[in-house]
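Any read-out appearing in this document is the output of simple, stated calculations on the displayed coordinates, not a laboratory observation. All values derive from a computational prediction rather than experimental measurement. Note that each Cβ is placed from the backbone with ideal geometry, even for glycine, and that neighbours are counted across all protein chains shown.
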């Protein structure tokens, strides 16, 4: 793997499958109850004529890529379908290139085309985010290497104008396990669920801790100070009952318009004796300020108290350096934003030195190829804990054919288990085992059943 490999994209197939949540998930401006999951199959061809297929999957999540309340959920789905269709057309028309070169050379045009219909760059990035993973999966399978080996050896030809990225990639080492950071949504029950689901899975925060043994938590806040403090007191009371230390992040999901609003929340937490342990446990605050102004205001005063990181505002390749100049100390990794962006941002953190970091965050990532690729990415980047919520809000692979579920269970017995006839993500002592991801392909091990999906329609 000394020289980056040239390839062409010959075919792109796009599919969808509906996902129904077992519990409502409230974040930011929306409460999610159902959403399609997108699947991409990409056939590439190498210079020597060899061809191969690769896969990727991601939720078509509403009200995150674009939070305009004038748009319906279906409008949001169509935005993301258009981003996928645009990337598919650009990639198929592109001349032979490295995998990374294909992404980089088409990035600006992708953003421009999506922008012409009013879609922002975060929406635009969704299309390449799926196709790039599928392309790398195909490349890994053709060369019979794992995702880990491919990135360490820079098989996709990743480049940076800021520094020599090769030594950084070569030093990356995956771990065997990763801590799962449990999401506490704004309508999630804490001690009792007045509307029980009754499917055998944990429903309340108390039950979640007892079942999975979490030590890491991500807590959503809504921007209403009184409401937030009351809820944090309820959550802290549960967390404080545990014998072990816990670590938390606060996610503002853009619910604040300015620095003083966020400072008021931190003041209220620091000034409440019942939140003393909770306050000590806060690791960082994620994207509290609206993307409309987040990269126009200096957050240094906040980061001196608790590090503030970018999430939704990480919408273009230069977002993190711009945020750094304004006092942001970190940035999220999400495969839906593009795994090359995550790798570049991780390299930036290493280059900038102590005090800068990446977090692993979730967008209701589903069991199967989607969660496997996300886990593999953050694991290789040295992130030791990441948000995982897809297993909590969705009953594992319950919507998939039995044979498909069995295939993933056989391929990844450390990542999944079967309960009540459903293949589900395994979390023990708050951790997810990752050993079976170290195999040929981009966290590939089993094939989804495309006959049980519908072809993606765009128009």
For region 377-459, alpha-carbon Rg over 2.2 N^0.38 Å: 1.21
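Calculate how many DSSP beta bridges within the chain are antiparallel, expressed in % of all such bridges and rounded to the nearest 5. Show your work: numbers first, answer last.
Numbers: 37 of 65 bridges.
Roughly 55 percent of the DSSP beta bridges within the chain come out antiparallel.
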Distance from region 85-160 to region 198-260 (C-alpha centre basis), Å: 36 Å
Degrees between helix 99-116 axis and first principal axis of the chain (Cα, 0 to 90, nearest 10): 70 degrees
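On alpha-carbon atoms, Rg over Rh for region 105-243 using Kirkwood Rh?
So for region 105-243, dividing Rg by the Kirkwood Rh gives 1.11.
I need to check one value: relative contact order of region 220-306, counting alpha carbon pairs closer than 8 Å and at least 6 residues apart, in percent.
Contact order relative to length: 36 percent.
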Taking all pairs of distinct alpha-carbon atoms in region 357-405, Kirkwood radius in angstrom: 11.7 Å
Rel. contact order, % - alpha carbon contacts under 8 angstrom, at least six apart, region 171-455: 20 percent
Region 1-80 - Rg and Dmax from Cα coordinates, angstrom: 17.6, 50
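What relative contact order, as a whole-number percentage, does region 7-166 give when Cα pairs under 8 Å and 6 or more residues apart are counted?
Across region 7-166, relative contact order equals 24 percent.
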Residue order, fewest to most surrounding Cβ atoms within 10 angstrom, among 326, 60, 310: 326, 60, 310
Packing-based exposure ordering (other Cβ within 10 Å, fewest first) of 247, 113: 247, 113
Label corresponding to semi-axes √(5λ) of the Cα gyration tensor in Å when calculated from the structure given, among (i) 33, 25, 21; (ii) 41, 27, 20; (iii) 35, 29, 20: (i)
Nitroxide proxy distance, nm - points 7 Å out along Cα→Cβ at residue 74 and residue 192: 4.0 nm
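Assuming R0 = 45 Å, can you tell me the calculated FRET efficiency for the pair residue 48 and residue 116, based on Cβ-Cβ distance, to the nearest 0.05? Provide the component values of the computation, followed by the final result.
On the way: r = 38 Å, r/R0 = 0.84.
Approximately 0.75, to the nearest 0.05.
Would you kindly calculate the translational diffusion coefficient of region 195-354, applying Stokes-Einstein with the Kirkwood radius from alpha carbon pairs, for 25 °C and a viscosity of 0.890 mPa s, and quote it in µm² s⁻¹ without decimals?
Working: Rh = 16.9 Å.
My calculation gives 145 µm²/s for D.
How much mean residue ellipticity at 222 nm does the chain get from its helices, if each DSSP H run of length 4 or more adds -39500 (n - 2.57) and you divide by all residues, to the nearest 500 deg cm²/dmol? Write down the numbers at each step before the final one.
Details: 16 runs with 165 residues, N = 459.
Calculated from helices alone, the mean residue ellipticity at 222 nm is -10500 deg cm²/dmol.
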Residues 63, 171 arranged by fewest to most Cβ contacts within 10 Å: 171, 63
